[in-house]
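> Before anything else, here's the structure in question.
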Amino acid sequence: MYRRISIQSADFSLDQTLDRLKQHSGSPGGVCFFVGTVRDTNLDEQVSGLFLEHYPGMTEAQLARILDAAEQRWPLAGAEVVHRIGALQPGDNIVLVAVAAAHRGEAFQACEMIMDYLKTQATFWKKEQAASGDRWLDARISDQTKLTDWDAGGVDF
Amino acid sequence: MKVLFFAGLRELMGESVIELDIDTSLTVAELKTLIRLPTGESLASWSQSQSLLAAVDQAMGSDATVVDPGAEVAFFPPVTGG
């Protein structure tokens, strides 16, 4: 399976990702994209910016493990995961997950699974600049619950 | 042994990395009793009221994970990327 993992401060291009996936995955049939962006409101407060920190080395290793698990579960042709770090503004792109497969079912499911694991296993932390001051965001219990569902569905991470 | 801290815990510790002079293997739980916050409280005590994750050699670990003297250990709050 073609794969590319990138942690970067620069923005990313969906067109370039699509071109690479088509080029390296051998005309896969379908590509599913998920893009996460910086929200402008959180916890009933206006958000003016976001800072993203990560654990260099481990983050890449965790993302590789997540792609390994997805590849074991579904027949995939290719996947790209791009995550931005540093200072971001509301509306900015944060994360891109793109999955190429022969049929849309696998592409949709693998894309969702990769995002669910990224949210709980990839070593990124968000600090939000809100009206009441800067705050590190707390993890959501609902994100953790989703992993149990995938685990029951045969994902081996 | 190199110990890294991230996000809110890094700010609380006032440092992103410390070097510990440890020459025997120990568990993550034991290591947490040896690390102290600037307040004097041990990381083990602090983590009873706060969510804390640990990684050993860049893989997720638990209190029972064994840490060798040359390992890289990291402590951090639950992750919030995506």
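A short reminder: the numbers here are calculations on the coordinates, not readings from a lab. This is a predicted model, so every value here is computed, not measured. Here the Cβ is made from the backbone with ideal geometry for all residues, glycine too, and neighbour counts use every protein chain on show.
> Report the Cα centroid-to-centroid distance between the range A:85-128 and the range B:12-82 in angstrom, as an integer.
Cα centres, the range A:85-128 to the range B:12-82: 27 Å.
> Find how much the distance from A:Gln89 to A:Glu112 grows on full extension, using 0.36 nm per residue of separation minus their present alpha carbon separation; answer in nm with one decimal. Each step should come with its number before you reach the end.
Details: separation 23, 0.36 × 23 = 8.28 nm, distance 2.47 nm.
Here the answer is 5.8 nm.
> Apply 1/(1 + (r/R0)^6) to the Cβ-Cβ distance of A:Val35 and A:Arg4, taking R0 = 22 Å, and write down the FRET efficiency to the nearest 0.05. Could the numbers behind the result be given before it?
On the way: r = 16 Å, r/R0 = 0.71.
Once rounded, the FRET efficiency stands at 0.90.
> As I understand it, the value is the acute angle between the Cα axis of helix A:14-24 and the longest principal axis of the Cα atoms of chain A; what does it come to in degrees, rounded to 10?
Between the helix axis and the principal axis of chain A, the angle is about 20 degrees.
> Separation between the B:Leu20 and A:Asp151 pseudo-spin-labels, each 7 Å from Cα along Cα→Cβ, expressed in nm?
Distance between the two pseudo-spin positions: 2.7 nm.
> Let me ask another. Of B:Ala71, B:Ser25, B:Met13, which is farthest along the charge dipole of the range B:2-76 in the positive direction, counting Lys and Arg as +1 and Asp and Glu as -1 at C-beta?
B:Met13
> When DSSP beta bridges are limited to those with both residues in the protein assembly as shown, what percentage is antiparallel, rounded to the nearest 5?
Working: 44 of 55 bridges.
Among the beta bridges of the protein assembly as shown, antiparallel pairing accounts for roughly 80 percent.
> In percent, how large is the relative contact order of chain A, given Cα pairs closer than 8 Å and 6 or more residues apart? Could you put the intermediate results ahead of the total?
Numbers: 289 pairs, mean separation 50.6, N = 157.
RCO, chain A: 32 percent.
> Further question: In the range A:26-48, whose amide N lies under 12 Å from the spot 7 Å out along Cα-to-Cβ of A:Leu14? List them in ranges.
Answer for this model: A:32-37.
> Sticking with this structure for a sec: Using a cut-off of 19 Å between alpha-carbon atoms, which lysines can reach A:Lys119, once sequence neighbours fewer than 8 places away in the same chain are excluded?
Of all the lysines, those that pass the test against A:Lys119 - Cα under 19 Å, at least 8 places apart if same chain - are A:Lys127, A:Lys146.
> What dipole magnitude, in Debye to the nearest 20, does chain A give about its Cα centre under +1 on Lys/Arg Cβ and -1 on Asp/Glu Cβ?
Values: 15 positive and 22 negative charges, 62 e Å.
Charge dipole, chain A, about its Cα centre: 300 debye, nearest 20.
> Something else now. Of A:Phe33, A:Ser9, A:Ala152, which is farthest on the positive side of the dipole of the protein assembly as shown, counting Cα position, with +1 on Lys and Arg Cβ, -1 on Asp and Glu Cβ, and the Cα centre as origin?
Value computed over the given set: A:Phe33.
> Here's another thing I want to ask about it. So if R0 is 45 Å, what FRET efficiency would A:Ala64 and A:Ser132 give, r being the distance between their Cβ atoms, rounded to the nearest 0.05?
Working: r = 38 Å, r/R0 = 0.84.
Here the calculated transfer efficiency is 0.75.
> Using amide H atoms built 1.01 Å from N in the peptide plane, name the residues 5+ places from A:Phe124, or on other chains, whose amide H lies under 5 Å from its own.
Those lying under 5 Å, H to H, from A:Phe124 are B:Thr80, B:Gly81.
> What's the average, rounded to a whole number, of partner chain beta-carbon atoms within 10 Å of each residue's beta-carbon in A:112-123? Spell out each step's value before the answer.
Values: counts 0, 0, 0, 1, 1, 1, 3, 4, 5, 4, 4, 10.
The shielding value for this peptide is 3.
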